[in-house]
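I have placed the structure first, in the form of structure tokens, so that the comments after it can refer back to it.
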Amino acid sequence: MHFDVFTLLPEVFPAYLETSILKRARERGLIQVDVHNLRNYTHDKHHTTDDTPYGGGGGMVMKPEPVFEALETILPPPGPESKIPIILLTPQGRVFNQTIAKELSAHPRLALLCGRYEGIDERIREHLVTDEISIGDYVLTGGEIPALILIDAIARLLPNVLGDPTGAEDDSHAMGLLEYPHYTRPPEFRGWRAPEILLSGDHAKIEKWRREQALERTFRKRPDMLEKAELTEADKKFIQSLRP
Ligand code: ADE
């Protein structure tokens with residue numbers, strides 16, 4: 001997977017991309033992340049990327065020319081074979097979730113455009129951008145952290161990025177439920193014992209316990225998720241047993 005990030009703050013990205021799983025994924029060629037500085041696509045002395053809004057009002061607006069020039073320079077022209085999604089990170093976008101991460105992970109290449117200032121010239125949104133994504137209903141100072149969130153969530157879904165071959169299958173949200181609780185050694189810590197069933201070696205019982213824990217957690221913490229989750233008859237019966 002090839003990510004092209006377009007930003008006015010390229011210095012934000014290396015620390016995170018050069019750490020841990022994303023670093024290893026890049027070294028192994030599983031992902032490529034190219035961060036492009038929009039300022040390099042300006043032609044005036046001051047490298048201007050923003051201007052005051054037509055019609056007045058406060059704040060500054062990202063100018064269209066550097067954004068169009070950067071994307072048109074870096075990305076191949078769209079053709080029948082290659083349609084690279086051009087994603088604007090903005091609080092106005094569709095709200096990011098695991099389903100969208102999975103959907104985007106199917107593309108070989110993605111362009112991520114980070115907004116800054118109070119907004120971007122609307123012609124960028126109308127004539128360049130093909131998708132808009134928000135990471136939640138709150139407003140950040142820019143799209144850089146949202147872009148990193150997309151890269152992280154998408155990269156870990158790609159084959160071989162996670163060390164464990166079952167990878168992301170059991171994650172919270174992957175199966176429409178929150179994940180079951182985890183324990184590791186020691187079996188007893190400060191008088192608190194790990195559940196005996198996990199130490200029993202009985203895999204069928206462990207599977208059943210984990211499923212029920214996932215159902216119960218979701219029921220208690222995120223009941224809204226149960227409406228969309230794929231549930232068996234046994235699952236439904238178990239959830240019924242939790243109701244007062
Ligand atoms: N830019 C500013 N706030 C944002 C948000 N919530 N999601 C995506 N991009 C943003």
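Here is how the numbers come out for the structure above:
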| quantity | calculated |
| --- | --- |
| Once exposed loop chymotrypsin sites (Phe, Trp or Tyr not before Pro) are cut out (DSSP; at most 13 other Cβ, 10 Å), longest piece of the chain | 55-137 |
| Inverse mean reciprocal Cα-Cα distance (Kirkwood Rh) of region 2-66, Å | 14.0 Å |
| Relative contact order of region 172-242, defined on C-alpha pairs under 8 angstrom at six or more residues apart (%) | 41 percent |
| Cα convex hull volume per residue for region 2-155 (Å³) | 123 Å³ |
| Sparse-neighbourhood loop sites, trypsin sites (Lys or Arg not before Pro) in region 1-84 - DSSP loop, at most 12 other Cβ within 10 angstrom | Arg28, Lys45, Lys83 |
| Longest segment of the chain lacking GluC sites (Glu not before Pro) that sit in a DSSP loop with at most 15 other Cβ atoms within 10 Å | 19-80 |
| Accessible surface, per residue, of the chain when the full set of protein chains is kept, probe 1.4 Å, Å² | 60 Å² |
| Rounded Å value of the spacing that divides the Cα centres of region 125-198 and region 94-117 | 15 Å |
| Spherically averaged projected area of region 55-131 from its Cα convex hull (nm²) | 6.0 nm² |
| Portion, in percent, of the accessible area of the chain that falls on carbon or sulfur, probe 1.4 Å | 53 percent |
| Beta bridges by DSSP in the chain, antiparallel share as percent, to the nearest 5 | 15 percent |
| Mean separation of Cα contacts under 8 Å (6+ apart) over length of the chain, as relative contact order % | 18 percent |
| Candidates per trypsin sites (Lys or Arg not before Pro) in region 148-244, loop by DSSP, up to 10 other Cβ within 10 Å | Arg190, Lys228 |
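The values are calculated or read from the model by the stated rules, or taken from the named source; none is laboratory data. Worth saying up front: this structure is predicted, and the values here are computed from it rather than measured. Positions of Cβ are backbone-derived with ideal geometry, glycine not excepted, and every protein chain shown enters the neighbour counts. Quick note on the areas: whole protein, heavy atoms, side chains included, nothing else; ligands and nucleic acids left out. Shrake-Rupley method; radii C 1.70, N 1.55, O 1.52, S 1.80 Å.
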